[in-house]
Amino acid sequence: MAEGQSSNSSMEMLMPEILHSGKKNSDVADGGESSKRSREMTEGLQTGELHKSKVDRRNNSEQIKQCLSDIHPDGKASSVQAGCSSPGAPSSAPSSTGPSYPGHSSTGHSSTGPSYSGPSYPGHSSTGPSSPGPSSSGPSSSALSSSGPSSSAPSSSVPSSSEPSSSVPSSSEPSSSRDDVSATDVEGAEVVRKKREDGPSSCCLLKDMKRIPQCDNKLGRLEFSKTHTVLVDVGIFNVGAGPLPQEGRDVWNSDFVKMPNSQSSHMKTGFTMQTKVRWEVISKQLSSLSKKTTASVNDLEEAIIKYNPKYKSQWSFDALSSLVKANPKGDNYLPKLFPKIAELALRLPELVMKAVPLLKRGHPAAITLSQTQIACLLANAFFCTYPHRNASGPKAEYHNYPSINFTSLFGNWSSRKKQKLRAIMHYFQEVTAKEPTGLVTFERHCLRDTDFSNWRSCNKKMPKLHVASLGTIENEGKGMLQVDFASSWIGGGVLGSGLVQEEILFIINPELIVSRLFTEKLGDKECLIVTGSQQFSNYSGFGDTFQWEGPHEERLNRDEWARLQRQIVAIDALHFKHRSEQFNMINVTRELNKAYCGFKGHRPDEPDIATGNWGCGAFNGDKQLKAVIQLMAAAQAKRGLAFFTFEDESLKQGLQQTHHLLVTERTTVEKLFILLEDYCAAQQASGVRVDLFDFIRINFSPCRSLL
């Protein structure tokens, strides 16, 4: 499965004139200047003399060659290092009060917010700020709210082995190799390292980052519209009576989820192959299970195969069976829990009466539903009741959607599956013991052609930045817009063996898994935002070291729509088979647009963003390049960035120094984009990895400024 790769249609959308005129990828966004500089550099490296650029941009190829020599791993001191003042941070450092950032107050924000005491829904009063959410407005680049959709919402996903964890460093990018060209490879490296460690910084403290409780946005009444489907009765909800199901009718077509209880879903049973409504078979099997005091895994398997007979010899339940056997009899709650999950699944006709629309590619839309409705939908996924969702071939009806039935989680036992199932079973234990009372919104955002930023003419300056090598997005970034390092297939390998950042996020917040039921594969100009999901589990580790660490006590407040103040945005990075592929401006521009799609605000007051090594890990993204890309996207979106390097101290120091330099020089996104063009040209010409932070530093050195 080509998770995280860009589509051809999106590439045509980004650069149609290039793709159709036959120009090379490196000609993107600058009329071929980058490609020409790259050819000049390559020619110069071969002949020993570089041609000077004809354009007056103060970054001619002779200077770029000098930059390469400055950071080339030959062990010799460069002319810049030998003959100029130190290339560290400029002497004109900002005052101790810190720089000002566009769109941000210089004062800190309190982390307190309105309290929530249960079904009375504090948001129905006029007190306390709330998070942005949907509204009754018509379609735009977002589906919610009279002023636009909520841009701060939960979400997360990436292919199973792709992304770094939010608690452990990524294993994706080797710390050193013969091809790496960095400041530590040249004479004077100790001086550079010392400056990185002890030099001035323009970064802010974590407490200065803006969080949802500090955002002064009023949601107003919960409303539905053509682009915002609400599965609870808004009239009853708006008078404070809590979330009750909205009445509706079943719809069996390609625009809606084909539900297990639909009268249009049929199957053939018995020796006579008599056609029956499939829900009749499902409800018979689940009713039998729900009446048991305890049920075994064999009971589950027998029931599930009755309405999925085609897969009798294909599906395995050994992972689930091993989990049950691993627990001591006196401490094993699972046999008693299975009947309760069956009972919850059987409530589907009464809890979800309105048709559930598909969030289709290219169409901004939102769905708001109750946590109890989500629990019921996931109980049906647990019992594998969804029709037409087991085939994944190119001709399958839902070939462009992630899987939703839990069959792949039940088979092929591994230590990873054990820990995942422990978290999932804990979730069902919680929701069957006490019905949750809140709402959750899932929203597909799409950038329109008019939304795309012209990166070569963007005059925004660098945003507020906090960098930390310790801490996680979900903990220290609580209350901010949290970035899910997603797969284009939302949730990635959460129902398989994947256990990196996105899968972990979905496992500890299982309500996110329901997004796989209705979210089509993300395109290059799209993201998914989830507002209000609940964290049920704590964890430690990453990948093979992942461990379920017991229940999580949720302490977040709720907004006016009874949604927890947690916002997650799923943005999928490109998957590079070869690392060198990312160093051309088509791919850089694609990543800028994708990040901007996720970061772009739609309300007057938005929280800052919590992120990290997005698109690194198995996707082979360069950590420094991805950090700079996210910095530029946040600047364009006028939002601050809290960046967690996952214990990579070197990346933390390098990003702090680079940000300080860019702030001090009052660098715009436009200038940084032009510098990236030169960097990609240099990277392609050199044939070895060029350290981006060093490249930026040298271009700002006192001897010569390329900007």
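What follows is calculated from the coordinates using simple rules that are stated; it is not laboratory data. Small disclaimer: the values here were computed from a predicted structure and weren't measured. Every residue, glycine as well, gets a Cβ built from its backbone with ideal geometry; the counts of neighbours run over all protein chains shown.
For region 475-612, just say rounded, prolate or oblate: build the C-alpha gyration tensor, square-root its eigenvalues into a ≥ b ≥ c, call rounded for a/c under 1.5, and beyond that prolate if a/b exceeds b/c, oblate if not. Verdict is oblate for region 475-612. Each Cα pair under 8 Å and six or more residues apart adds its sequence gap; the mean of these over the residue count of region 261-315 is a relative contact order of 26 percent. According to the square roots a ≥ b ≥ c of the eigenvalues of the Cα gyration tensor, what is the shape class of region 617-707, taking rounded for a/c under 1.5, prolate for a/b larger than b/c otherwise, and oblate for the remainder? Rounded shape, in that the Cα axes give a/c under 1.5.
Legend: calculated FRET efficiency, K325 to S392, from the Cβ-Cβ distance at R0 = 41 Å, rounded to 0.05, equals 0.85. Which pairs, out of K521/K577; K577/K626; K418/K478; K210/K638, put more than 18 Å between their alpha-carbon atoms? Among K521/K577; K577/K626; K418/K478; K210/K638, the Cα-Cα distance tops 18 Å for K521/K577; K418/K478. Taking amide H positions as modeled 1.01 Å from N, with prolines and chain starts lacking one, the residues under 5 Å from N217 and 5 or more places away or on another chain are S130. Annotation: amide H of H575 within the under-5 Å range of Q5, S6, sequence separation 5 or more or interchain, hydrogens built in the peptide plane. Under 5 Å from the amide H of H266 lie the amide H atoms of R278, each residue being 5 or more positions distant or on a separate chain, with H modelled from the backbone and absent for Pro and chain starts.
Protection proxy ranking, highest mean first, for peptides 297-310, 540-553, 602-615, 478-491: 478-491, 602-615, 297-310, 540-553, where packing is the per-residue count of other beta-carbon atoms within 10 Å, averaged. Where both residues lie in region 228-443, what percent of DSSP beta bridges are antiparallel, nearest 5? Of all bridge pairs located within region 228-443, approximately 80 percent are antiparallel. The Cα atoms of region 355-408 give a gyration tensor whose axes a ≥ b ≥ c have a/c of 1.5 or more with a/b no greater than b/c, which makes the shape oblate.
Considering only Cα-Cα distances, which of the following residue pairs are longer than 18 Å: K268/K310; K292/K340; K284/K354; K461/K600? Those over the limit are K284/K354.
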